[in-house]
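The values are calculated or read from the model by the stated rules, or taken from the named source; none is laboratory data. Keep in mind that this is a model prediction, so the values were computed, not measured. Here the Cβ positions follow ideal geometry from the backbone for every residue, glycine too, while neighbour counts run over all protein chains shown.
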Amino acid sequence: MPNDPTLVKCLIWDLDNTLWQGTIAEQDEVVLSDAVRAAIIGLDERGILQSVASRNDFDHAWSRLEKLGVAEYFVAPRIGWSAKSGMVRQIADELAFAPKAIAFIDDMPAERAEVSHHLPEVRCYPAERAAELTGLPEFTPKVVTADGRRRRQMYQAAARREDARAEFAGPDEDFLRTLGIVLRIARATDEEITRVEELTLRTSQMNATGVHYSDAALRSLLADESHEVLVVTLDDKFGGYGAVGVLLIEKFEPVWNVKLLATSCRVVFSGAGSVLLRWLADAAAGAGVHLVADFRKTDRNRMAEVAYSFAGFRVEDCGCQAAIPPAPEAGVERLHLTPVAQEAPVTMTVHAVDLRDAAAEGIVWGLAQGDDRGIDGADS
Ligand SMILES: [Zn+2]
């Protein structure tokens, strides 16, 4: 499970006599065993990130990883002459992981001891255990989601995106337009519920409802015609972000009740959360219904409160609320909106389901096709 404290999220490899046999500073040829190569690939497929902490010349070591055909598997590498504990700490910071989610493998007892001394929560393994790592419980997630299998590619895309942003001199909105962002809002499938569950557990600061719906509760609503379970994904020219939002709506005659809305903090920069609310307001206006969003203030969902307020949701009396049963939990406020048609977004394209008609083809909203910037991969 995502919150299992024993699960390793990133394994950091020493290179000489750990990842490969031999020392590149001393010999031309080093050997990557089939067993270690299999471990690297196996961990990658499970969504466990891998990095490098090595005392070597960066270019020399990295070109060797490329020659061995494994460079692509490593993110945020640290190769240089500083202490291993510092390298491990920098990698953890760059990936935004706590030390307890990090593992370190090195053939030198002194290096492992140095890391353990400064970062006691980092789990350290001797090099001879490399081949058996995939058999250990801490490297074996119970569930590997579609996003999990692509986690490393998502980190690499995020890094390229950051570089592009750092180089871009214009205003934010112009930068966003260069990304060719496509936001997809689709009815969840049974398989997607697992990644959605992971999302609602992880994104508490953006869980606008402050109410958690379990995997089983969401699954049970998939076939219920009065409920919409929607999963939101986001892609841009650098790659996909995977599932970044979930929305649970119960439809009544005069009003749609938003019972769950959570979006990932990974896409805050894109403004996807407010586009999602505007899309919903536009759809509700088209359907001639009001919107009521459940909201319970927590110490972590201030951003969601601001997003609702910005979209015009208020605590106010309206006859439509008589149609909705009382909130399931104490402390849930009901924020009301009489929706009006919205301007399409200018920074992204939205591909969405038609909430009025389950059988209808999806709608496209936002940057028009044929836009002169040309949006690669904008077709679904
Ligand atoms: Zn109303």
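Observations
- Test for Ala130: is it in a helix (DSSP H, G or I) and among the hydrophobic types (A, V, I, L, M, F, W, C): yes
- Within the range 266-273, not a single residue is charged (D, E, K, R), closer than 20 Å to Pro328 by Cβ and in contact (Cβ under 8 Å) with a residue 40 or more places away in the chain.
- Qualifying residue in the range 260-282 (condition: within 16 Å of the ligand (Cβ to nearest atom) and not in a loop (DSSP other than H, G, I, E, B)): yes
- Considered as a group, the residues in the range 332-345 that are assigned to a loop (DSSP other than H, G, I, E, B) and touching a helix residue (DSSP H, G or I) at 6+ places or on another chain (Cβ under 7 Å) include one that is nearest to the ligand (Cβ to nearest atom), and that residue is Pro339.
- Filtered residues of the range 295-316 (kept if free of Cβ contacts under 8 Å to residues at least 12 places away in the same chain and either outside any helix (DSSP H, G or I) or of a type in the set (S, T, N, Q) (or both)): Asp299, Ser309
- Candidate set: the range 40-72, residues that are polar (S, T, N, Q) and without any contact (Cβ under 8 Å) to a residue 60 or more places away in the chain; chosen: the one nearest to Thr23 (Cα to Cα): Asn56
- Residue satisfying all of: in the range 219-245; of a type in the set (Val, Ile, Thr) and at pLDDT 90 or above; nearest to the ligand (Cβ to nearest atom) among these: Val229
- Of everything in the range 283-331 that is polar (S, T, N, Q) and under 24 Å from the mean Cα position of the chain (by Cα), the residue that is nearest to the ligand (Cβ to nearest atom) is Asn301.
- When residues in the range 250-270 are screened for being aromatic (Phe, Trp, Tyr) and in contact with a Ser or Thr (Cβ under 9 Å, 6 or more places away or on another chain), 1 of them pass.
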